[in-house]
Amino acid sequence: MTVPHRDFLRSDTLTFNFRSFISVQFRGTVIQVLQDLVKDLTDNFGRMTVTLRLTKYKVRTMSKIVIRKVTIKDLDELQKIGRQTFYETFASGNTEENMSKYLEEAFSVARLTTELSDKNAEFYFATIDENVIGYLKINFGQSQTELKDDKAVEIERIYVLKEYHGKNVGQLLYDKALAIARQKNVDYVWLGVWEQNPRAINFYKKNGFVEFDKHIFKLGDDEQTDIMMKLTLKQTSDKNGSR
Ligand SMILES: CC(C)(COP(=O)(O)OP(=O)(O)OC[C@H]1O[C@@H](n2cnc3c(N)ncnc32)[C@H](O)[C@@H]1OP(=O)(O)O)[C@@H](O)C(=O)NCCC(=O)NCCS
């Protein structure tokens, strides 16, 4: 595959994550480039050099990630991605019994129907070639799980299928949440994240979130501690969680 190298550094973004691949976003398409390229980029950081050298490397492409609003018609898909991603994320640290109970209740048709009909909550899917690979849930006003502050937006859920971690999908869902929060002109965005979920904590930290409190989240009969994190958008109100 040929990299469209001429415009690439001028108009697009490079994300260095120093794992096996780096993600390059080119005209909305995420391209995964071999990590060896990072060395060349750092050794020879000059636009011409990098541009020329790109042709030497293998790349693999990913179709465009599309973020779209979830409607009641998507209930089955939402239930499926919700259960799968929650299971992938938490099964190893929890009993099978607690997991089953939570998955049954939190993603029941009745619960999801209520949530999808709530004017103060919105869900978005991340899709590739129309396949759902992650989702976002944000809450406003009284539908926030704790603070219920009109000047805040809660990110209740950002969940991406494991095979798509580290590929910018979580970031695109997060960017959507932030755009909505800005559009609503709120003072801050907040969320709760399990203290034993370092990947998610790091993800929010690199997006500027800071810890401000802790709260208890019940998974089945197990009480777990969630770290509450917030991102201030405007310096005014200050108040004080879900997974
Ligand atoms: C949280 C989530 C959306 C983030 O998306 P992602 O694509 O994995 O995020 P990124 O790879 O961009 O960022 C994760 C960061 O944690 C780091 N990280 C990865 N694995 C880690 C680990 N085991 N321990 C600590 N940090 C880790 C990464 O290096 C990365 O930071 P960097 O970009 O500075 O290197 C995604 O991991 C996910 O869906 N997880 C499962 C669901 C979940 O936990 N949701 C949050 C519930 S509140």
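Coordinate-derived values only; no laboratory data. Keep in mind it's a predicted model, so treat the numbers as computed, not measured. Every residue, glycine as well, gets a Cβ built from its backbone with ideal geometry; the counts of neighbours run over all protein chains shown.
General observations
- On full extension, the segment bounded by Met62 and Val210 gains 50.1 nm, given 0.36 nm per residue less the C-alpha separation.
- Ordering of 114-125, 78-89 by packing [mean C-beta count within 10 Å, highest first]: 78-89, 114-125
- Beyond 26 Å in Cα-Cα separation lie the following of the pairs Lys80/Lys119; Lys80/Lys205; Lys101/Lys167; Lys151/Lys205; Lys176/Lys218; Lys101/Lys206: Lys80/Lys205; Lys101/Lys167; Lys176/Lys218; Lys101/Lys206.
- For region 65-232, the calculated P(r), taken from all Cα-Cα distances in 5 Å bins from zero up to the bin holding the longest distance, is 1, 8, 17, 22, 23, 19, 8, 1, 0 percent.
- A simple packing score, the average count of other Cβ atoms within 10 Å per residue, orders the peptides 172-185, 146-159 as 146-159, 172-185, with the highest score first.
- Taking other Cβ atoms within 10 Å as a rough exposure proxy, Asp222, Asp187 sort from fewest to most as Asp222, Asp187.
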